[in-house]
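Q: Have a look at the structure that comes next, please.
Just so it is clear, none of the values below were taken in a lab; they were calculated from the coordinates. Only a predicted model underlies this, so the values are computations on that prediction, with no experimental measurement involved. Please note: Cβ atoms are built from the backbone with ideal geometry, for glycine as well, and neighbour counts cover all protein chains shown.
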There are 2 protein chains.
Amino acid sequence: LSAKIISKLESMNGVNGPQNGQPHLDHADGQYFLTEAYKVILEEVLCKGTDVKEKVCDWHDPEELSALLDLELREGGESHHQLLQRVRDVAKYSVKTNHPRFFNQLFAGVDYHSLAGRFLTEALNTSQYTYEVAPVFVLMENVMLTKLRSMVGWPQGDGIFCPGGSVSNMYAMNVARYRAYPQVKVQGLWAVPRLAAFTSQESHYSLCKAASFLGIGLDNVFMVKVNERGCMIPEDLDEKIELARSQGAVPFLVSATSGTTIQGAFDPLDRIADICDKNKLWMHVDAAWGGSVLFSKKHKHLMKGIERADSLAWNPHKMLLAGLQCCVFLLKDNTDLLKQCHCANATYLFQQDKFYDMRMDTGDKSVQCGRKVDCLKLWLMWKAVGTEGLAERVDKVFKLARYLVREMSKREGFQLVNEPQFVNVCFWYIPPSLRGKEGNNDYQEKLSKVAPVIKERMMRKGSMMVGYQPLREKVNFFRMVIISPHISQEDMDFFLDEIERLGKDLYNAL
Amino acid sequence: LSAKIISKLESMNGVNGPQNGQPHLDHADGQYFLTEAYKVILEEVLCKGTDVKEKVCDWHDPEELSALLDLELREGGESHHQLLQRVRDVAKYSVKTNHPRFFNQLFAGVDYHSLAGRFLTEALNTSQYTYEVAPVFVLMENVMLTKLRSMVGWPQGDGIFCPGGSVSNMYAMNVARYRAYPQVKVQGLWAVPRLAAFTSQESHYSLCKAASFLGIGLDNVFMVKVNERGCMIPEDLDEKIELARSQGAVPFLVSATSGTTIQGAFDPLDRIADICDKNKLWMHVDAAWGGSVLFSKKHKHLMKGIERADSLAWNPHKMLLAGLQCCVFLLKDNTDLLKQCHCANATYLFQQDKFYDMRMDTGDKSVQCGRKVDCLKLWLMWKAVGTEGLAERVDKVFKLARYLVREMSKREGFQLVNEPQFVNVCFWYIPPSLRGKEGNNDYQEKLSKVAPVIKERMMRKGSMMVGYQPLREKVNFFRMVIISPHISQEDMDFFLDEIERLGKDLYNAL
């Protein structure tokens, strides 16, 4: 640290606010606060927040939490001391997603190199849209996209980082539509026939949201049947395409899934590609969750055929721990379709008389204007552990998921929904009182209430977090997901023990 | 800091990689790296990066910069020492948007409380979609939206933080469309008549991007004429509405602008509201840039009539220095239109049998699934300086802009495009060789080349950054914007001196 800052840090006692009469505008005062806040973050979020002996959450109902936090914004400012306490409180009452017992979402755990990249990104505070204001990040995004495309099997192509996989899926839908009917951009959907998109019943809901948002409408998304494990049935895709045509709609897009949200199912990409080829449809793959299997020599067969797709959504913030948000949309196209589809040629940003090659500017590929820098965190993490290190992490969580399944099979009361393809382990916990009662009329209804009760109990206790949901005719079951390379077999054993501890007195107690 | 971390930090020498054989998975190793990276960020980005004696950018052409950075991703990982050098290099070659001579975009400067909030947000790594995983942030977002709405003059209403003002504008368009024709969500645009939206010629290009993306088409955005200062002409809005109707289109949305991107113009909201009332149109206001004038008693008259709008886009990451990205979309509606328009009712996230009030969950208001936490940085900054402190900052930059205009008028060669309404100061610099030559045939052509040359020179020198652009019939002019409360009259004087230094030998040298 510079002598200036060190002396400033030493001269301040930390309980008073800024001393110079210009509230909160002195850089040294600000840097002193930031450093104190950094220490709180390190202590509360990264040390305690990852400590298995601490709670994963400190649950309070909304009214109670509101009262604890004093969120109100007022005319006057607060002291350094009060503000640091606020940093502590926000940390205290937030869910510890870096905790080894957090299994609730498709993200979990912390990578410190990524986190360093995220702090650096925040401090540099720039936008990804032009080379002029983001020279390092424009080059870095290109390298990253090229590398990820090479893993897909595309020597050429295009891509962009998006604010979420849902947005990537929207991009796919819009680019596919533009390729089929470029006039939509200028004339709108009234100038073209009714369009039809296809995705599986177990695909992510963002495909439906995309169809609504893009003016295509939910009715024009045909939901293709899945098999028992949740994989799209190609024969039904064929039928749904015929059905759409029989209704006068024009098929334009199939969105397959690699790693469905609930069951972690992988659609059969080769067979879907055959159908897309035959029907000349854009083949998109929503691999937001499953894409990271491409790192694993052992498991990448799950995405066999991916190189035949036209586009792909992949979120390194999920299994790779790159941190929210880090989402790429990749295309095989190398005719500048993305830019043609989205460009607006704003003269104030993308001047044609710039002194550097303005093809470096990315703004016209995006539907956003300002766009966060999401590549640095992934890049720094990758530099730290290498492709090998990321592959090891993917293999490790697969192994842990297999371990969990084996351990479950040794215990009474754990019933798999399906043998997992991926690291989603979906299961019912059957409390002793319900075992052997499958024939009873009220069995399903009673079973449906088990997971919500166990969930409430674990939240109020703060011991762990895992999600549950129903799925079509299946009543509520747990979806356990294994993501963080920091977790161990002991955490898996704890998980099973804790489910038993929290649920063994059910159904009597309901 | 905990004794554990302190002892770890002390025991490591900082030049070797992790010691424990499990590469990059030990928390203490990771925290040690993060702390070292934090020091580099403090030193390079926040101390040197804000030092007026340092360069605002260290310009290199793309090929050269690529060679300097070694961006390639490889099989193996790198050492702690190498990785820290990478952090230093990324900082070194990035543009210093916190620097007092950065005037290039509609964001600039640093607020350290906001930055502390951003670091905390990154470390906590959660998603804004449910109360379950973001209890503090769901409550905080609500408080923040309520407070911002109260400044607009809406005692009730709704809202959401979006990844960029462009997305907020898309939300406005989609919600307006849904109110007019709710069947679009399910049946698509084929089920409704051709729609027409209206915005000014100088509005942000995101309105056009939104129309393309949402399937409405560029042709159905009617560009309303502006007066000399860049403000929408209400009479022309009336005419354009008639024109659309005469073409068989159904008007549904007017998007006015408070603070246009180039000239900083404010559309006359009251008169536009009259027209919207009369025609029963959704009135949206894109105040992404100008919205922060609502903090200023002295300047909020620029948005007189805003309470009559139906929705508003406002980016506190611009004038308020909240950090990229911090963008709100606010609505007056209190009938849950936003949720009805965007909901998908995904059972795996938004279970109906949760043990808390699931109306707290925000996911169904968004077209995203995962959504970054963007409220904490604004909240912590607001707690630090209070509403008064933010108001002072807004007033301060207005004053500086007025100062700049006065100083320009005292110098030869600076010609305003218009008297500024806001903190955008648009001007031509006329080099001595072109003064008095306005009558020459090649004057405009020569003038158009002045700004690009001065821009290239300042970038290669690294002395400052400011943008330029043409605007319809007007050739390239500079757009100076004053945002950061850290800048001073001396910085304004430097700006004018530097333009003269860089441009005085033109046009001879071209």
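Q: Would you be so kind as to identify all helices of chain B, as entire DSSP H runs, whose Cα atoms reach 24 Å or more along the helix's own axis and whose mean Kyte-Doolittle hydropathy is at least 0.0? Could the numbers behind the result be given before it?
A: Details: long enough: B:135-152 (26 Å, 1.01); B:376-409 (42 Å, 0.09).
What comes out of the filter, once short or polar helices are dropped, is B:135-152, B:376-409.
Q: Taking every residue in A:464-473, how many Cβ atoms of other protein chains lie within 10 Å of its Cβ, on average?
A: Working: counts 0, 2, 0, 6, 5, 7, 5, 2, 1, 0.
What the average comes to for A:464-473 is 3.
Q: Another question, if that's okay. Within a 10 angstrom radius of the beta carbon, how do B:Val285, B:Val136 rank from fewest other beta carbons to most? The partial results should precede the final answer.
A: Details: B:Val285 31, B:Val136 27.
Listed from fewest to most nearby Cβ atoms, that is B:Val136, B:Val285.
Q: Okay, moving on. For the stretch B:219-322, state which GluC sites (Glu not before Pro) are in a DSSP loop and have at most 16 other beta carbons lying within 10 Å of their beta carbon. Don't skip to the end; give the middle numbers.
A: On the way: sites: B:Glu228, B:Glu235, B:Glu239, B:Glu242, B:Glu307; in loops: B:Glu228.
When the GluC sites (Glu not before Pro) of the stretch B:219-322 are filtered for loop state and at most 16 Cβ neighbours within 10 Å, B:Glu228 remain.
Q: Just list whichever of A:Lys399/A:Lys437; A:Lys365/B:Lys92; A:Lys300/A:Lys410; A:Lys354/B:Lys474; A:Lys300/A:Lys449 have alpha carbons separated by over 25 Å in the model shown. Walk me through the numbers on the way to the answer.
A: Working: A:Lys399/A:Lys437 33 Å; A:Lys365/B:Lys92 27 Å; A:Lys300/A:Lys410 29 Å; A:Lys354/B:Lys474 17 Å; A:Lys300/A:Lys449 37 Å.
Violating the 25 Å Cα-Cα cut-off are A:Lys399/A:Lys437; A:Lys365/B:Lys92; A:Lys300/A:Lys410; A:Lys300/A:Lys449.
Q: Let me spell out the model: positive unit charges on the Cβ of Lys and Arg, negative unit charges on the Cβ of Asp and Glu, origin at the Cα centre of the stretch A:383-503. What dipole size does that give, in debye rounded to 20?
A: Working: 20 positive and 17 negative charges, 49 e Å.
Dipole magnitude for the stretch A:383-503 comes out near 240 debye.
Q: From the label point of B:Asp442, set 7 Å along Cα to the beta carbon, how far off in nm is each other copy's matching point, shortest first?
A: 9.5
Q: Further, regarding this structure: For the stretch A:338-446, run through the trypsin sites (Lys or Arg not before Pro) and keep only the ones in DSSP coil with at most 15 other Cβ atoms within 10 Å of their Cβ.
A: Details: sites: A:Lys339, A:Lys354, A:Arg359, A:Lys365, A:Arg371, A:Lys372, A:Lys377, A:Lys383, A:Arg393, A:Lys396, A:Lys399, A:Arg402, A:Arg406, A:Lys410, A:Arg411, A:Arg435, A:Lys437, A:Lys446; in loops: A:Lys354, A:Arg371, A:Lys372, A:Lys410, A:Arg411, A:Arg435, A:Lys437.
For trypsin sites (Lys or Arg not before Pro) across the stretch A:338-446 that sit outside H, G, I, E and B with at most 15 neighbouring Cβ atoms in 10 Å, the list reads A:Lys410, A:Arg411, A:Arg435, A:Lys437.
Q: Sticking with this one: Rounded to the nearest 5, what is the percent of antiparallel bridges among the DSSP beta bridges in the protein assembly as shown?
A: Details: 44 of 82 bridges.
In the protein assembly as shown, approximately 55 percent of DSSP beta bridges are antiparallel ones.
Q: Place a point 7 Å from Cα of B:Lys298 in the direction of its Cβ. Which residues in the stretch B:482-508 have their backbone N less than 16 Å from it?
A: It comes to B:482-489, nothing else.
Q: Let me ask you something else. Taking every eigenvalue of the Cα gyration tensor of the stretch B:383-503, multiplying by 5 and rooting it, what semi-axes result, largest first, whole Å? The partial results should precede the final answer.
A: Numbers: eigenvalues 170, 45, 33 Å².
That gives 29, 15, 13 Å for the three semi-axes.
Q: Now a separate question. Can you give the FRET efficiency to the nearest 0.05 for A:Leu416 and A:Lys53, using r as the Cβ-Cβ distance and R₀ = 35 Å?
A: Computed FRET efficiency for A:Leu416 and A:Lys53 comes out at 0.70.
Q: Which percentage, to the nearest 5, of the DSSP beta bridges contained in the stretch B:158-343 is antiparallel?
A: Working: 11 of 28 bridges.
Here the share of antiparallel DSSP bridges comes out near 40 percent.
Q: With +1 on each Lys and Arg Cβ and -1 on each Asp and Glu Cβ, and nothing else charged, work out how big the dipole of chain B is about its Cα centre, in Debye to the nearest 20. Intermediate values should be presented prior to the final figure.
A: Working: 62 positive and 62 negative charges, 185 e Å.
For chain B, the charge dipole is close to 880 debye.
Q: Continuing with the same structure: How much length is gained if the chain between A:Arg435 and A:Glu307 is pulled fully straight, taking 0.36 nm per residue apart and subtracting their Cα-Cα distance, in nm to one decimal?
A: 41.4 nm
Q: Between their Cα atoms, which of A:Lys455/B:Lys372; A:Lys185/A:Lys280; A:Lys96/A:Lys461 are more than 19 Å away from each other? Mind dumping the intermediate values first?
A: On the way: A:Lys455/B:Lys372 25 Å; A:Lys185/A:Lys280 21 Å; A:Lys96/A:Lys461 14 Å.
Going by Cα-Cα distance, A:Lys455/B:Lys372; A:Lys185/A:Lys280 fall outside the 19 Å limit.
Q: Now a separate question. Using only C-alpha atoms and all pairs of different ones, pull out the Kirkwood radius for the stretch A:158-343 in Å with one decimal. Mind dumping the intermediate values first?
A: Values: mean 1/r = 0.0614 Å⁻¹.
It is 16.3 Å.
Q: Next up: Mind jotting down the three principal axis lengths of the stretch A:357-442 based on Cα atoms? Whole angstrom, largest first.
A: 71, 33, 17
Q: Take every Cα pair under 8 Å in chain B that's 6+ residues apart, average their separations, divide by the length, and report that relative contact order as a whole percent.
A: 18
Q: Still on this model: List the lysines whose Cα lies under 16 Å from the Cα of B:Lys383, skipping any in the same chain that are fewer than 8 positions away.
A: By straight Cα distance, B:Lys383 reaches B:Lys147.
Q: Run the reach check for B:Lys278 against lysines, Cα to Cα strictly under 16 Å, same-chain hits fewer than 8 apart removed. What comes back?
A: B:Lys240
Q: Dipole of the protein assembly as shown (Lys/Arg Cβ +1, Asp/Glu Cβ -1, origin at the Cα centre): which of A:Tyr181, A:Leu378, A:Cys426 lies farthest to the positive side?
A: Comparing the listed Cα positions along the dipole, A:Tyr181 ranks first.
Q: Let me ask something additional. Most exposed first by the Cβ proxy, i.e. fewest other Cβ within 10 Å, how do A:His486, B:His301 rank? Present the calculation step by step, with values, prior to reporting the outcome.
A: On the way: A:His486 23, B:His301 11.
The order, fewest Cβ neighbours first, is B:His301, A:His486.
Q: Within the stretch B:148-181, list the residues whose amide N lies under 16 Å from a label point set 7 Å along Cα→Cβ of B:Asn334.
A: What the label zone holds, given the 16 Å backbone N cut-off, is B:148-159.
Q: In the stretch A:27-170, with Lys and Arg counted as +1 and Asp and Glu as -1 at Cβ, which of these residues, A:Gly109, A:Phe161, A:Met151, has the Cα nearest the positive end of the dipole, that is, farthest along it?
A: In the stretch A:27-170, that residue is A:Met151.
Q: Answer with one residue from A:Tyr205, A:Cys231, A:Gly291: the one whose Cα lies farthest towards the positive end of the charge dipole of the stretch A:158-343, charges on Cβ with Lys, Arg +1 and Asp, Glu -1.
A: Positive-end residue among those listed: A:Gly291.
Q: Still on this structure: To confirm my reading of the symmetry, which residue of chain A has the Cβ nearest the axis that brings A onto B, and what whole-Å distance does it have?
A: A:Gly215, 1
Q: Would you grab the residues whose amide H sits under 5 Å from the one on A:Ser200? Only those 5+ places off in sequence or on another chain, please, with H modelled 1.01 Å from N.
A: Under 5 Å from the amide H of A:Ser200 lie the amide H atoms of A:Val224, each far enough along the sequence or on another chain.
Q: Pick out, in residue order, every one of the GluC sites (Glu not before Pro) in the stretch A:464-510 that is DSSP loop and has at most 13 other C-beta atoms within 10 Å; say none if there are none. Intermediate values should be presented prior to the final figure.
A: Working: sites: A:Glu473, A:Glu490, A:Glu498, A:Glu500; in loops: A:Glu473.
Answer in residue order: A:Glu473.
Q: Would you calculate, for the protein assembly as shown, the mean residue ellipticity at 222 nm contributed by helices, counting each DSSP H stretch of 4 or more residues as -39,500 (n - 2.57) and dividing by all residues, to the nearest 500? Walk me through the numbers before you get to the answer.
A: Working: 32 runs with 402 residues, N = 1020.
Taking each H run of at least 4 residues, the total per residue is -12500 deg cm²/dmol.
Q: Averaged across B:164-172, how many Cβ atoms of other chains sit within 10 Å of each residue's Cβ atom?
A: Values: counts 9, 3, 7, 5, 0, 1, 3, 1, 0.
Mean partner shielding for this stretch: 3.
Q: At q = 0.11, 0.12 Å⁻¹, what log₁₀ I(q)/I(0) does chain A have when each alpha carbon counts as one equal point scatterer in the Debye sum?
A: -1.08, -1.22
Q: Assuming 0.36 nm per residue, please report the length gained on full extension of the stretch A:Glu235 to A:Asp89 beyond their Cα-Cα distance. Walk me through the numbers on the way to the answer.
A: Values: separation 146, 0.36 × 146 = 52.56 nm, distance 5.45 nm.
Contour length minus the Cα-Cα distance gives 47.1 nm.
Q: Could you tell me the calculated FRET efficiency between A:Glu242 and A:Gln183, based on Cβ-Cβ distance and R0 = 25 angstrom, to the nearest 0.05?
A: That gives a FRET efficiency of 0.45.
Q: Relative contact order for the stretch A:89-247: what percent, with Cα pairs under 8 Å and sequence separation of 6 or more? Write down the numbers at each step before the final one.
A: Values: 123 pairs, mean separation 18.8, N = 159.
Relative contact order comes out at 12 percent.
Q: Based on the alpha-carbon set only, what is the convex hull volume of the protein assembly as shown divided per residue, in Å³? Before the final figure, lay out each step's value.
A: Numbers: hull volume 163.7 nm³, N = 1020.
Considering the Cα atoms of the protein assembly as shown, their hull volume per residue is 160 Å³.
Q: What FRET efficiency would be calculated for the residue pair A:Leu68, B:Glu456, taking the C-beta separation as r and a Förster radius of 45 Å, to the nearest 0.05?
A: Numbers: r = 55 Å, r/R0 = 1.22.
Step by step, r from the Cβ atoms, then E = 0.25.
Q: Taking the inverse of the average 1/r across all pairs of different Cα atoms in the stretch A:258-354, what Kirkwood radius in Å do you get? Display every interim value, and only then the final one.
A: Working: mean 1/r = 0.0655 Å⁻¹.
Computed over Cα pairs of the stretch A:258-354, the Kirkwood hydrodynamic radius comes out at 15.3 Å.
Q: Still on this structure, please answer the following. When we measure straight from the Cα of A:Lys209, which aspartates and glutamates land under 18 angstrom away, once same-chain ones fewer than 8 places off are left out?
A: Answer for A:Lys209, where 18 Å is the Cα cut-off: A:Asp219, A:Asp286, B:Asp336, B:Asp361, B:Asp364, listed by chain and number.
Q: Right, something else. If the only charges are +1 at each Lys and Arg Cβ and -1 at each Asp and Glu Cβ, what is the size of the charge dipole of the protein assembly as shown around the Cα centre, to the nearest 20 debye? Walk me through the numbers before you get to the answer.
A: Values: 124 positive and 124 negative charges, 106 e Å.
So the magnitude is around 500 debye.
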